[in-house]
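Below is one structure, written out as structure tokens; the observations come after it.
The values are calculated or read from the model by the stated rules, or taken from the named source; none is laboratory data. None of the values given here were measured: they were computed from a predicted structure. Don't worry about glycine lacking a Cβ; one is built from the backbone with ideal geometry, like all the others, and counts go over all protein chains shown. In case anyone asks, the SASA skips ligands and DNA or RNA and just uses the protein heavy atoms, side chains included. Shrake-Rupley method; radii C 1.70, N 1.55, O 1.52, S 1.80 Å.
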Amino acid sequence: MNFTWGQLSIAFVILIIPALILWKFKTGLLTKMGIAVVRMTIQLLFVGYYLEYLFRYDNTWLNLGWILVMVIVADFATIDRSELKRNRYLIFSIFIATFLGVLVIDVFFLKFVIQLPNIMTAQYAIPITGMVLGNCLQSNVIGINTFYYSIDQHQERYRFFIANGSTQEEALFPFFRNALKKSANPTLASMATIGLVSLPGMMTGQILSGSSPFIAIKYQIMIMLAIFSGTVLSVYLGIVISSKFVFNERNNFDKTIVKKD
Amino acid sequence: MEITFSNVDFAYDKAAKPLLKKFSLKVKDGDLIGIKGPSGAGKTTLFRLLLGFEIPDSGTILFNDKPLEPFQLQLLRKETTWVPQDLDLGEGKLSEVFYFPFTFAANRSKSPDEMKVLSTFEALGLPKSVWQEEFTNLSTGQRQRVGLAIAYLMDKNIMLLDEPTSALDEASKEKIRNLLFDGKRIILSTSHDPWWLDRCSKIIELK
């Protein structure tokens, strides 16, 4: 059931409750809350209008262009949130890792699972890419942050391995394993409890807009598989590609990648 | 095998006065070198330069008469074992982390069975119980002995030992020397210990 903008504006009234609570305890979060709510509203309005046009034209190149824009934004957000230095090598590495992660997943699920005649159909390609991308962003942040910060913290361990005849790949193996474990764990945990603890947002949205729950869970199962596979692939690629630049030809770690306060 | 330092200058802080100035040294098979000097004189830095973790500001380091360019450096690192004073093998039980260095292609053929590891521990005065302990819970001295055990079992041609006897009693020192010194390999060691320095074939003093 559709509802009007006027009705939506009533929804904002509920903010009085959290605002009062946050104010009473002098959390200093009121300004932050105001900014967050305004940003959320404007960004979603923008995306809504944009997608409306994207869906209306439904042009393969336009859709692909939008996906590229999303990947680029995710790329920069990943690097900033992982507290690593934003240099061009890292931007390049994470771009490739994110883009490939999304591409493999899109092609597999849209071409071979849903079997769309054109996988760049806006109605499918944009939301699925968005879901996978958002999760890639979170996992990549955990993955590369864990990887580079633990190497920085345990440089003598890495050097001990190098000084005892390891190749760079061999010496990085325990750091790589640790980063993969940490980044894959949250997705695995949410897969294991999904449906019991909370109803996933996408499924809820589909049901609210009139789909049968059976269709909704089919999509939800597909999207969970897509998210998990896409994130692991992209964390793997992000570390493999970026480490080619972060270590020099003497296998020494470029500490400047890690931002210290 | 031959290692040559020739007129090496090096400083961590390029604005300050250099830590090493015109340092030269030639080492060949069978040499047991003791490097002594106050802390901060650059003893450990010599190892770091040799292992390629730092690069000389001027001068050259040669391995088998070739400069330590990346390719030659990789060849050297396959021949070396380095025992730092504070060994870090990572998190986990000793029995889990001990074998990791033996999974490297360069060391795989030397991977020892548990019996051999434990008998080496015994020779170094490490109790059997450490095998099941968390590596990070071992004392610095115990961890260093684990490093010496790894060095012995890897049986490399070049050993770099950082204060190898600092955590040992005399009986263990004797055992270490007997285990490691075979008269063929190169051993470079930093040490404050007169007992150890007395047994080196050459002593270098850094100021």
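Is it true that some residue in region B:182-190 is within 21 Å of residue A:165 (Cβ to Cβ), under 13 Å from the mean Cα position of the chain (by Cα) and either modelled with pLDDT under 90 or within 14 Å of another protein chain (Cβ to nearest Cβ) (or both)?
Yes, region B:182-190 contains at least one residue that is within 21 Å of residue A:165 (Cβ to Cβ), under 13 Å from the mean Cα position of the chain (by Cα) and either modelled with pLDDT under 90 or within 14 Å of another protein chain (Cβ to nearest Cβ) (or both).
Of the residues in region A:94-114, how many are under 10 Å from residue A:234 (Cα atoms) and either open to solvent by less than 10 Å² (accessible area, probe 1.4 Å) or outside the structural domain of residue A:231 (by TED's automatic domain parsing) (or both)?
Looking only at that region, the number is 5.
Any residue at all in region B:161-180 that's surrounded by 15 or more Cβ atoms within 10 Å (Cβ to Cβ), under 19 Å from residue B:117 (Cα atoms), within 14 Å of another protein chain (Cβ to nearest Cβ) and touching a residue at least 24 places away in the same chain (Cβ under 8 Å)?
no
Residues that are within 14 Å of chain B (Cβ to nearest Cβ) and either at negative phi or touching an Asp or Glu at 6+ places or on another chain (Cβ under 6 Å) (or both): does region A:182-198 have at least one?
Keep residues of region A:182-198 that are within 14 Å of chain B (Cβ to nearest Cβ), which gives A:182.
The next check asks that each one be either at negative phi or touching an Asp or Glu at 6+ places or on another chain (Cβ under 6 Å) (or both); those that pass are A:182.
Yes; the residues of region A:182-198 include at least one that is within 14 Å of chain B (Cβ to nearest Cβ) and either at negative phi or touching an Asp or Glu at 6+ places or on another chain (Cβ under 6 Å) (or both).
Quick one: is residue B:77 open to solvent by 20 Å² or more (accessible area, probe 1.4 Å), within 14 Å of chain A (Cβ to nearest Cβ) and of a type in the set (Lys, Arg)?
Details: open to solvent by 20 Å² or more (accessible area, probe 1.4 Å): no; within 14 Å of chain A (Cβ to nearest Cβ): yes; of a type in the set (Lys, Arg): yes.
So residue B:77 does not fit the description; no.
In region B:25-35, what residues are open to solvent by less than 70 Å² (accessible area, probe 1.4 Å) and either touching an Asp or Glu at 6+ places or on another chain (Cβ under 7 Å) or of a type outside the set (Asp, Glu) (or both)? Give the derivation first.
The first filter runs over region B:25-35 and keeps only residues open to solvent by less than 70 Å² (accessible area, probe 1.4 Å), leaving B:25, B:27, B:30-35.
Those that are open to solvent by less than 70 Å² (accessible area, probe 1.4 Å) and either touching an Asp or Glu at 6+ places or on another chain (Cβ under 7 Å) or of a type outside the set (Asp, Glu) (or both): B:25, B:27, B:30, B:32, B:33, B:34, B:35.
For region B:56-74, give me the residue count where each residue is more than 10 Å from chain A (Cβ to nearest Cβ) and open to solvent by 20 Å² or more (accessible area, probe 1.4 Å). Full working, then the answer.
Kept after step one, since they are more than 10 Å from chain A (Cβ to nearest Cβ), are these residues of region B:56-74: B:56-67, B:72.
Still in the list and also open to solvent by 20 Å² or more (accessible area, probe 1.4 Å): B:56-60, B:62, B:64-67.
Result for region B:56-74: 10.
Is it the case that residue B:120 is more than 11 Å from every other protein chain (Cβ to nearest Cβ), surrounded by 19 or more Cβ atoms within 10 Å (Cβ to Cβ) and modelled with pLDDT under 95? Steps first, answer last, please.
Numbers: more than 11 Å from every other protein chain (Cβ to nearest Cβ): yes; surrounded by 19 or more Cβ atoms within 10 Å (Cβ to Cβ): yes; modelled with pLDDT under 95: yes.
Answer is yes for this residue.
Take the residues in region B:38-55 that are within 13 Å of chain A (Cβ to nearest Cβ) and open to solvent by 30 Å² or more (accessible area, probe 1.4 Å); name whichever of them is farthest from the chain's Cα centre (by Cα).
Among them, the one singled out is B:55.
For region A:65-178, list the helices (runs of 4 or more DSSP H) that sit wholly inside it and hold at least 3 residues that are more than 14 Å from every other protein chain (Cβ to nearest Cβ) and more than 30 Å from residue A:55 (Cβ to Cβ); which are they? Walk me through how you get there before you give the answer.
Details: elements: A:88-106, A:122-153, A:155-163.
Filter on region A:65-178 gives A:88-106, A:122-153.
Looking at the structure I just gave you, is residue A:234 touching a helix residue (DSSP H, G or I) at 6+ places or on another chain (Cβ under 6 Å) and farther than 30 Å from residue B:69 by Cα? Outline the logic, then answer.
Working: touching a helix residue (DSSP H, G or I) at 6+ places or on another chain (Cβ under 6 Å): yes; farther than 30 Å from residue B:69 by Cα: yes.
Yes: the conditions hold for residue A:234.
Kindly list the number of the only condition in (1) open to solvent by 30 Å² or more (accessible area, probe 1.4 Å); (2) in contact (Cβ under 8 Å) with a residue 40 or more places away in the chain that fails for residue A:122.
(1)
Considering (1) within 11 Å of another protein chain (Cβ to nearest Cβ); (2) farther than 18 Å from residue A:173 by Cα, say which one residue B:97 fails and leave the rest.
Residue B:97 satisfies every listed condition except (2).
Tell me which residues, restricted to region B:56-72, are in contact with a strand residue (DSSP E or B) (Cβ under 8 Å, 6 or more places away or on another chain) and of a type outside the set (Asp, Glu). Lay out the reasoning, then the answer.
Residues of region B:56-72 in contact with a strand residue (DSSP E or B) (Cβ under 8 Å, 6 or more places away or on another chain): B:56-65, B:67-68, B:72.
Matches in region B:56-72: B:56, B:58, B:59, B:60, B:61, B:62, B:63, B:64, B:67, B:68, B:72.
Tally time: how many residues in region A:179-205 are open to solvent by less than 40 Å² (accessible area, probe 1.4 Å) and either among the aliphatic types (A, V, I, L, M) or not in a loop (DSSP other than H, G, I, E, B) (or both)? Even if it seems obvious, please write down each step before you answer.
So in region A:179-205, the residues open to solvent by less than 40 Å² (accessible area, probe 1.4 Å) come out as A:179, A:183-184, A:187, A:200, A:203, A:205.
Pick out the ones that are also either among the aliphatic types (A, V, I, L, M) or not in a loop (DSSP other than H, G, I, E, B) (or both) and you get A:179, A:183-184, A:187, A:203, A:205.
Counting residues in region A:179-205 that are open to solvent by less than 40 Å² (accessible area, probe 1.4 Å) and either among the aliphatic types (A, V, I, L, M) or not in a loop (DSSP other than H, G, I, E, B) (or both) gives 6.
Do you know which of the residues in region A:216-261 that are within 14 Å of chain B (Cβ to nearest Cβ) and among the basic types (Lys, Arg) is surrounded by the fewest Cβ atoms within 10 Å (Cβ to Cβ)? Steps first, please.
As a first pass, look at region A:216-261 and keep what is within 14 Å of chain B (Cβ to nearest Cβ): A:247-255.
Now narrow it down to the ones that are among the basic types (Lys, Arg): A:250, A:255.
Working: A:250: 18, A:255: 13.
Going through the qualifying residues, I end up with A:255.
Looking at region B:101-150, which of its residues are farther than 16 Å from residue B:90 by Cβ, out of contact with any Pro (no Cβ under 8 Å at 6 or more places or on another chain) and in a loop (DSSP other than H, G, I, E, B)?
Within region B:101-150, B:105, B:106, B:111, B:112, B:113, B:124, B:125, B:126, B:127, B:139 qualify.
Keeping to region A:52-76, report how many residues are open to solvent by less than 80 Å² (accessible area, probe 1.4 Å), acidic (Asp, Glu) and farther than 16 Å from residue A:129 by Cα.
Summing the residues that are open to solvent by less than 80 Å² (accessible area, probe 1.4 Å), acidic (Asp, Glu) and farther than 16 Å from residue A:129 by Cα in region A:52-76 gives 0.
Does region A:1-51 hold any residues that are among the aromatic types (Phe, Trp, Tyr) and surrounded by 10 or more Cβ atoms within 10 Å (Cβ to Cβ), and which are they?
Residues of region A:1-51 that are among the aromatic types (Phe, Trp, Tyr), as a first pass: A:3, A:5, A:12, A:23, A:25, A:46, A:49-50.
Within region A:1-51, A:12, A:23, A:46, A:49, A:50 qualify.
Taking region B:83-94 as the search range and keeping residues that are open to solvent by 70 Å² or more (accessible area, probe 1.4 Å) and within 16 Å of the chain's Cα centre (by Cα), which one is farthest from the other protein chains (Cβ to nearest Cβ)?
Of region B:83-94, the ones open to solvent by 70 Å² or more (accessible area, probe 1.4 Å) are B:85-86, B:91, B:93.
Still in the running and within 16 Å of the chain's Cα centre (by Cα): B:85-86.
Values: B:85: 10, B:86: 7 Å.
The selected residue is B:85.
Can you name the number of the only condition in (1) within 24 Å of residue B:186 (Cα to Cα); (2) touching a strand residue (DSSP E or B) at 6+ places or on another chain (Cβ under 9 Å); (3) among the charged types (D, E, K, R) that residue B:134 fails?
With (1) within 24 Å of residue B:186 (Cα to Cα); (2) touching a strand residue (DSSP E or B) at 6+ places or on another chain (Cβ under 9 Å); (3) among the charged types (D, E, K, R) applied to residue B:134, the lone miss is (1).
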